[in-house]
1. So what's the stretch 25-81 giving for Rg/Rh, alpha carbon basis, Kirkwood Rh from the mean inverse pair distance?
2. Percent of Cα-Cα pairs more than 26 Å apart in the stretch 20-220, please.
3. Quick one: work out the % antiparallel among DSSP beta bridges in the stretch 20-220, nearest 5.
4. Regarding the stretch 146-230, what's the average projected area of the Cα-atom convex hull, expressed in nm²?
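What follows is calculated from the coordinates using simple rules that are stated; it is not laboratory data. All figures in this text were calculated on a predicted structure; none of them were measured in a lab.
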């Protein structure tokens with residue numbers, strides 16, 4: 001910004017830096033990352049690849065801030081237990097990245113964790129009790145839930161329960177659910193039926209996860225669609 005003192009002489013003023021919700025990357029959203037820390041990952045190496053993908057590819061350009069993109073973490077380590085990090089714990093991109101990469105302290109060996117329950121990722125992936133204040137979303141800001149899945153449902157009951165929770169996320173909490181199926185032997189489309197719809201489910205083997213980062217970020221900012229699943 002420049003102040004003009006007369007017609008021919010300009011004096012230096014001050015510099016104004018502007019940012020708002022509209023300058024957020026990928027866009028202004030409240031995003032819950034449901035990170036898989038279960039033995040269904042198959043190895044600790046795969047867990048590290050999952051964390052590397054999230055920290056160094058998926059969120060690498062996100063604009064994190066109280067009035068911009070807010071992120072919440074939920075690390076599922078057991079059927080009945082998740083470790084959560086509210087936005088206040090990860091208020092900047094650097095802290096968020098460091099926290100994600102340090103989740104190995106919470107799960108030093110995923111093969112010691114229970115991995116026999118598919119629906120738990122969807123059950124604990126949302127604020128599904130009225131008294132829960134962990135994932136406090138902003139009024140009027142679109143809510144995104146990204147679930148990292150490493151296994152097919154154990155049986156029909158497991159899948160039906162997951163479906164119920166996925167629909168609850170959408171219909172009760174108006175959340176856009178994105179699924180990321182990881183590994184070679186996972187049914188990407190079946191897992192995707194729990195997502196928000198076509199264009200909101202993805203799949204890749206662990207070494208290839210970085211290849212889907214750009215498309216996932218586009219999905220975060222996509223317009224809403226009618227219906228749930230594919």
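1. On the way: Rg = 13.1 Å, Rh = 12.5 Å.
Looking at the stretch 25-81, the ratio lands at 1.04.
2. On the way: 4900 of 20100 pairs.
Pairs farther apart than 26 Å: 24 percent.
3. Working: 5 of 29 bridges.
Expressed as a percentage, antiparallel bridges in the stretch 20-220 total about 15.
4. Values: hull surface 20.8 nm².
With every direction weighted equally, the projected area is 5.2 nm².
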